[in-house]
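Worksheet: one structure, shown below.
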Amino acid sequence: MQHNWSRYLRLIIGSLIACTAVGAFVGYPLYGLTLGLIAYLWWTLIQAKRLYHWLGHPGATSDAPQSVGLWGDIFDGLHKLHQSHLRLQDRLKAQINRVQESTNAMRDGVIMTDAKGTMEWWNGSAEYLLGFRRNTDRGQYIHNLIRMPAFKAYFDARDYREPLDIHSPAKPHIHLQIQISLFGDDDRLIVAKDVTRLYQLEQMRRDFVGNVSHEMRTPLTVISGYLETLVDNADDLPPKWHRALNTMAQQSSRMEALITDLILLSKIEIGEQTVNDTLTDMDALIRQICHDARALSGQKEHEFSVQITDQRLLKGDESQLRSAFSNLIFNAVKYTPARGHITVNWSANRDGAHLSVRDTGIGIDPRHIPRLTERFYRADPSRHKDTGGTGLGLAIAKHVLLNHDGNLEIKSRIGDGSEFICHFPRERLVERAPESVS
Ligand code: ADP
């Protein structure tokens, strides 16, 4: 190219000198040069016009204009660039088609939206699972198509670490798990997975546990009743039966406690719908539970400190909250040696409302903490023999908090005591009506 450039320059200068020489030959060298320049300019303008028109409509197939000399090289160079651009475009189109085809073949619904939720693209499964229509829904807000406050809150919160479970807006029998990822310029990639089968299995498990517990309750009540009567009349029985009877009575009351907790847990697991309808007076509830906890403490003479710094009501189911808080506060009594301190604190700040139950008890090894809320998980299996716990208390507390959009935080170190904190969202706090303020 560099080599051609100096050749073309020499050619142009040579032509202009030739024009000047022809002009000089007839006595007008300047006219000769001017005519040469005008001719060159005219030719240049014609080539520039051809280029201009071609650039306006290069088309997928039309070739660049043909010419000679410098302009010929420029046109050739542009033609090559254009062809390689077309090839690249074809390759990208093929890749995009492939990605779209594979995404279309997915069983999960995939949707792309911008930051505000404007629908840009979705696959066939999204049409089936969520009822989107290919022709009319492009450019619509996703919140107009999935009209669910929980989905809007999840979409806007930008915290997508945990998936969201919803019913399909188009087919209510389908249960979907929604997972959002951020990409590009704050755009969203939404994946909707059909979890109906898992949901049904989970439902069957809950129903099974609930039904079995219910069915066992009646025979167990009969056995416990007879055992109680026998223990009360133990004097009429041969002494060799006393120990056996006492053990049987103890074990049957353990089983009763277990069945009561299992029934409670399965009720709480399906009890989401009641938690938004009622208001709970936290001050009264906490004081009542602490009163019962003092009675449970009995001869262990724990020192209780109760601090309530927020007088607002909490939107939530009182009996569920009572179960959760009692389990935490009674655990503090069970796992704190005699004369230890138990501090219960209810407060609110910008992050929400918090109930903290702190004790100076035996503490928990941090490696157990992530699993403590699993059913029947015990930090130290030898401990529960003394405490008579069912192993379901923290599972109940966790499910109650989930029902109330809250979460349970556990801080503890062996020998240093423990702190269990129930966090609730700020939106659940409601001012007391004026007449109920004492
Ligand atoms: P349990 O009926 O055995 O108390 P929970 O579900 O209430 O069952 O608690 C699970 C386990 O967590 C307990 O077995 C115990 O090891 C541990 N734990 C709970 N609360 C405390 C506490 N305040 N201090 C020490 N350990 C605790």
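The values are calculated or read from the model by the stated rules, or taken from the named source; none is laboratory data. This structure is a prediction, so every number in the text was calculated from the model and none was measured. Cβ placement follows ideal geometry from the backbone for every residue including glycine, while neighbour counts extend to all protein chains displayed. Heads up: the accessible areas ignore ligands, DNA and RNA and are worked out on the full protein's heavy atoms, side chains in. Shrake-Rupley method; radii C 1.70, N 1.55, O 1.52, S 1.80 Å.
Could you identify the single residue in Ile369, Ile414, Ile396, Ile421 that is assigned to a helix (DSSP H, G or I), more than 8 Å from the ligand (Cβ to nearest atom), at pLDDT 90 or above and of a type outside the set (Lys, Arg)?
Numbers: Ile414 fails: assigned to a helix (DSSP H, G or I); Ile396 fails: more than 8 Å from the ligand (Cβ to nearest atom); Ile421 fails: assigned to a helix (DSSP H, G or I).
That would be Ile369, the only listed residue that is assigned to a helix (DSSP H, G or I), more than 8 Å from the ligand (Cβ to nearest atom), at pLDDT 90 or above and of a type outside the set (Lys, Arg).
For (1) in the same structural domain as Leu51 (by TED's automatic domain parsing); (2) closer than 26 Å to Gln47 by Cβ, each residue gets a yes or a no:
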site	(1), (2)
Gly69	yes, yes
Asp73	yes, yes
Leu81	yes, yes
Asp90	yes, no
Thr118	no, no
Candidates Phe330, Phe325, Phe376 - the one that is touching a residue at least 24 places away in the same chain (Cβ under 8 Å) and within 10 Å of the ligand (Cβ to nearest atom): Phe330
Unique residue being surrounded by fewer than 16 Cβ atoms within 10 Å (Cβ to Cβ), under 30 Å from Ala126 (Cα atoms) and not basic (Lys, Arg) when the list is Asp73, Asp90: Asp90
Close pairs (9 angstrom Cβ cut-off, 6 or more residues apart or separate chains): at pLDDT 90 or above in the range 227-241, not in a helix (DSSP H, G or I) anywhere: Leu230/Leu237
Leu37 open to solvent by 60 Å² or more (accessible area, probe 1.4 Å) and either at pLDDT 85 or above or in contact with a Ser or Thr (Cβ under 8 Å, 6 or more places away or on another chain) (or both): yes
Residues satisfying the stated conditions in the range 298-322, i.e. at pLDDT 95 or above and of a type in the set (Gly, Ala, Ser): Ser305
